[in-house]
Amino acid sequence: MARRIGFFFICLSIGVLCSRCVDSPAPVGQDAEYDRAMTILMHEPTEELFPGVIHPDAALFSDYFSIDKAAEEHANYRRELKRFGANVLTVREILLQGTLDKDGNPMEGRALDSLRRFAAEFLTYNTDSIPGETEAQARYKRMIISRANPKDLVRIIMLQPEIVLSRTDTNTGFTATYIEHPIMNIFFMRDQMISTAAGIVIGKMNSPQRETECRIAEFCLEKIGLTPIHKISGENAFLEGGDFLPFGNVAFIGRGLRTTQEAIDQLMDNDLLGCDTLVVVKDRWLSQEQMHLDTYFNIIDRDLVTLSENRYLAPTDSLQYLSVDVYARDDNTYRKVAESEDFVQYLEEGLRVKIIPISRQDELTYANNFLTVAPRHIMAVAGQSQALQDTLMANGVRVTWIPLTNLIKGYGAAHCMTQVLGRDELF
């Protein structure tokens, strides 16, 4: 079972209270993807996206999209989640918590001191061309950080500015080239960690464009009192949250483009999963369009899942064919009990779940990348085929359709944008 923490504490820590805070404890971690989503961490995208949309490939995006429209879509998605009853926290809210008074002025104290120290790690004064100024510029940086408004400290974290300094004989004596290293993909809050039945594990990103995001996620979690139980480390050990889906006493984890066996072994060796069976889904295709497990497979209920049609129908000799290794836990130790079993057969015969195949047409608009907020209730990308809508309805699935026309061009959708910090089982 997931560890539990007072929901009141989480809400109070960011200055948000709701009608169920006082009496209802909420879990930390997830036993199952189909349990009721209680606490969700997200990041509202803003100016840090701009360099990425003007060169999407380098930013790990699929195409150009409007930042303003993306922000509107994200705000609407957060509203729908809140309307459902989830407590939605944002990275920006957490970073700013306790640093501003009611008039928006800096409020001295431990929270602001901590934010200053953290932001200072993301601001670089480059003095390579004027090495004699290094010490003086370090003092100057400390002075600027101490005076910066907390909202500007958050901008520093998100933009990672580098000020490349050189000397000039006129005016203030310095000139500079300004470089930014923006955190462009952090609005996909799924990937920096996994939320298991045992607690929260900080991952390790496989893409250099995203390696800083885990530090920000960890800082935020620590600030609201949700200390991670582990942090993935070591050579060739990579773990991204889109590859992990809990399923009661079973958990699925994808091994492929972004997550490695070394990280999976680390999860098992340290008993971090909180379940008795781990199913490693082995992807040989290694395609960016299906980079994570949650882009081609997802869970609606304990007896209902989805799977991309290209995977569902793939013959054994195809790179798109999926097989699984199965590990069982005994006395807190996992051992492999099955190797390279057919994934579809394992689902249908081993777990006795029904599979809804997702057509290529619907997959291209991220039909698989929905967020299950309760049994047979999902938040999914609007614009899917009538055939899929009819199939979901026939299987008793309630769908809240979310317009995400711009945001999906970042190579992700409703599931990718959310990190469920806690779920609660419905009886």
So which of R215, R255 is modelled with pLDDT of 95 or more, touching a strand residue (DSSP E or B) at 6+ places or on another chain (Cβ under 8 Å) and basic (K, R)?
R255
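From the list D63, D57, D68, D31, pick out the single residue that is closer than 16 Å to A374 by Cβ, modelled with pLDDT of 95 or more and open to solvent by 10 Å² or more (accessible area, probe 1.4 Å).
Details: D63 fails: closer than 16 Å to A374 by Cβ; D57 fails: closer than 16 Å to A374 by Cβ; D68 fails: closer than 16 Å to A374 by Cβ.
Exactly one of D63, D57, D68, D31 is closer than 16 Å to A374 by Cβ, modelled with pLDDT of 95 or more and open to solvent by 10 Å² or more (accessible area, probe 1.4 Å), namely D31.
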Taking only segment 152-175 into account, find how many residues are in contact (Cβ under 8 Å) with a residue 24 or more places away in the chain and loosely packed, with under 15 Cβ neighbours inside 10 Å.
2
Taking L115, is it in contact with a helix residue (DSSP H, G or I) (Cβ under 8 Å, 6 or more places away or on another chain), under 23 Å from F187 (Cβ atoms) and not small (G, A, S)?
yes
Would you mind finding the one in I202, I253 that is farther than 26 Å from P315 by Cβ, open to solvent by less than 20 Å² (accessible area, probe 1.4 Å) and not charged (D, E, K, R)?
I202
Run F219 past the list (1) open to solvent by less than 50 Å² (accessible area, probe 1.4 Å); (2) of a type in the set (A, V, I, L, M, F, W, C); (3) assigned to a loop (DSSP other than H, G, I, E, B) and report the number of the one that doesn't hold.
(3)
What tally of residues in segment 65-80 results from selecting those that are under 14 Å from C416 (Cα atoms) and touching a strand residue (DSSP E or B) at 6+ places or on another chain (Cβ under 7 Å)?
2
Just to be sure, is P131 over 29 Å from the mean Cα position of the chain (by Cα) and surrounded by fewer than 15 Cβ atoms within 10 Å (Cβ to Cβ)?
yes
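Which one of these is touching a Leu at 6+ places or on another chain (Cβ under 9 Å) and more than 24 Å from L41 (Cβ to Cβ): N368, N395?
On the way: N368 fails: more than 24 Å from L41 (Cβ to Cβ).
Being touching a Leu at 6+ places or on another chain (Cβ under 9 Å) and more than 24 Å from L41 (Cβ to Cβ) holds for just one of N368, N395, which is N395.
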Of the residues in segment 222-265, those that are farther than 23 Å from E44 by Cα, among the basic types (K, R) and not in a loop (DSSP other than H, G, I, E, B) number 2
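Looking only at segment 82-94, decide whether some residue is among the hydroxyl-bearing types (S, T, Y), under 27 Å from P208 (Cβ atoms) and either surrounded by fewer than 15 Cβ atoms within 10 Å (Cβ to Cβ) or in contact (Cβ under 8 Å) with a residue 60 or more places away in the chain (or both).
If we filter segment 82-94 for residues that are among the hydroxyl-bearing types (S, T, Y), which is where we start, we get 90.
Applying the additional criterion that residues be under 27 Å from P208 (Cβ atoms) yields 90.
Subset that is either surrounded by fewer than 15 Cβ atoms within 10 Å (Cβ to Cβ) or in contact (Cβ under 8 Å) with a residue 60 or more places away in the chain (or both): none.
Taking every residue of segment 82-94 in turn, none turns out to be among the hydroxyl-bearing types (S, T, Y), under 27 Å from P208 (Cβ atoms) and either surrounded by fewer than 15 Cβ atoms within 10 Å (Cβ to Cβ) or in contact (Cβ under 8 Å) with a residue 60 or more places away in the chain (or both).
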What is the number of the single condition among (1) at pLDDT 95 or above; (2) farther than 17 Å from I253 by Cα that A338 does not meet?
(2)
Among the numbered criteria (1) open to solvent by 20 Å² or more (accessible area, probe 1.4 Å); (2) over 26 Å from V399 (Cα atoms); (3) within 20 Å of the chain's Cα centre (by Cα), which one does T259 miss?
(1)
Residue check for L313: more than 19 Å from Q361 (Cβ to Cβ) and either surrounded by fewer than 21 Cβ atoms within 10 Å (Cβ to Cβ) or in contact with a strand residue (DSSP E or B) (Cβ under 7 Å, 6 or more places away or on another chain) (or both)
no
Please find, within segment 40-99, the residue that is farthest from the chain's Cα centre (by Cα) out of those that are closer than 29 Å to R116 by Cα and among the acidic types (D, E).
D68
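The values are calculated or read from the model by the stated rules, or taken from the named source; none is laboratory data. Not measured: the values here are computed from a predicted model. A quick note on method: Cβ atoms are made from the backbone with ideal geometry, for glycine too, and the neighbour counts reach across all protein chains shown. Side chains included, ligands, DNA and RNA excluded: accessible areas come from the protein's heavy atoms. Shrake-Rupley method; radii C 1.70, N 1.55, O 1.52, S 1.80 Å.
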